[in-house]
Amino acid sequence: MTAPAHATETAPRLHKGEATRRRLLLGVLWTGMIVMIAPFLWMALSAFKSEKDLGASPTVWIPDEWTLIHFEKLVKLLDIGSHFFNSTLVAVLVTVCNLVFCSMLGYALAKLNFAGKRPVFALVMCALMVPGNLMLMPMFVMVSKMGLIDSYAALVLPFAAGAFGVFLMRQFMTAIPDELLEAARIDGAGEWFIFWRIAMPLVKPALATLAIFTFLQSWNNFLWPLVATNDPEKYTLPVALATFAIDPTKTNGSNGVLMAGAFLVVLPVLLVFILLQRYFTQGIATAGLK
């Protein structure tokens, strides 16, 4: 028995239509990727260009002569090591604090019963709706009255826990089977043991996702470190580079030095993402299934 003629004609048309849609989708994705990655590539390549290539017309993308002169100038003109240490210390401490405190509160909101549980979660959701810049003045007044201006504590404590991290961890903790936790309680395990040895290993993708987002936000944070520090020795790398960029006596109009500094700011974030990429992908995929 043969299939109707119209059925055999429709199948190739549908196949061709699907192939066309895929090509269009791939074209849009490639275009978006190029638009997003082009500025970074330009910055990274310009950090290794000579002054001749930087001022060439038409624009030269691939350097004819690769050089590290801009990095050498940056190290000589700016105490890059000290500022790099400040940024690393602050970003690592903020990330660790968020992983610990947000996980603890997320576990409590997801798996424990206590008075005021719903109001606390509602408060977390309300905090998500408040713009971060709106909190700059209250945070500055609080930190100033505590005498923490020009200290690492001023850069870390206001960001030791965030509403987004609490919400993210709470959502992942909710997916942990209650039967598993009850079995541990029956065996005599305490809540502290259950949290560290059972719950935390089960939410590694969420921890990696939170670590990447928190580290990225803390590393790139510019406005608060600028407000909370007056001592140049406490400047983080973005603040130090910004003040360096507006000083013509140091940059001498060289865009290469600024590109080298920007490359150093972006490099640690890329390394963190590469190291945690597998867990980050799992976290985003799992979040999409919730």
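Values for this structure:
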item	result
Residue within the stretch 107-128 that is buried (at least 17 other Cβ atoms within 10 Å of the Cβ), among the small types (Gly, Ala, Ser) and more than 21 Å from the chain's Cα centre (by Cα) present	yes
Single unsatisfied condition, residue 283 versus (1) at pLDDT 80 or above; (2) surrounded by 13 or more Cβ atoms within 10 Å (Cβ to Cβ)	(1)
Subset of the stretch 198-216 (residues that are touching a residue at least 60 places away in the same chain (Cβ under 8 Å), in a helix (DSSP H, G or I) and either farther than 14 Å from residue 170 by Cβ or of a type in the set (A, V, I, L, M, F, W, C) (or both))	199, 200, 204, 205, 206, 207, 208, 210, 211, 212, 214, 215
Listing of helices (runs of 4 or more DSSP H) fully contained in the stretch 26-117 that carry 2 or more residues being over 30 Å from residue 240 (Cβ atoms)	80-111
Matching entry among 42, 61 (being of a type in the set (Phe, Trp, Tyr) and farther than 30 Å from residue 214 by Cβ)	61
Any hit, the stretch 73-82, residues being within 30 Å of residue 228 (Cβ to Cβ), of a type outside the set (Asp, Glu) and touching an Asp or Glu at 6+ places or on another chain (Cβ under 8 Å)	yes
Condition met for residue 74 (touching a residue at least 60 places away in the same chain (Cβ under 8 Å) and over 20 Å from residue 216 (Cβ atoms))	yes
Considering residues of the stretch 206-236 that are more than 8 Å from the chain's Cα centre (by Cα) and of a type in the set (S, T, N, Q) only, the residue surrounded by the most Cβ atoms within 10 Å (Cβ to Cβ)	236
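The values are calculated or read from the model by the stated rules, or taken from the named source; none is laboratory data. This is a predicted model, so every value here is computed, not measured. Every residue, glycine as well, gets a Cβ built from its backbone with ideal geometry; the counts of neighbours run over all protein chains shown.
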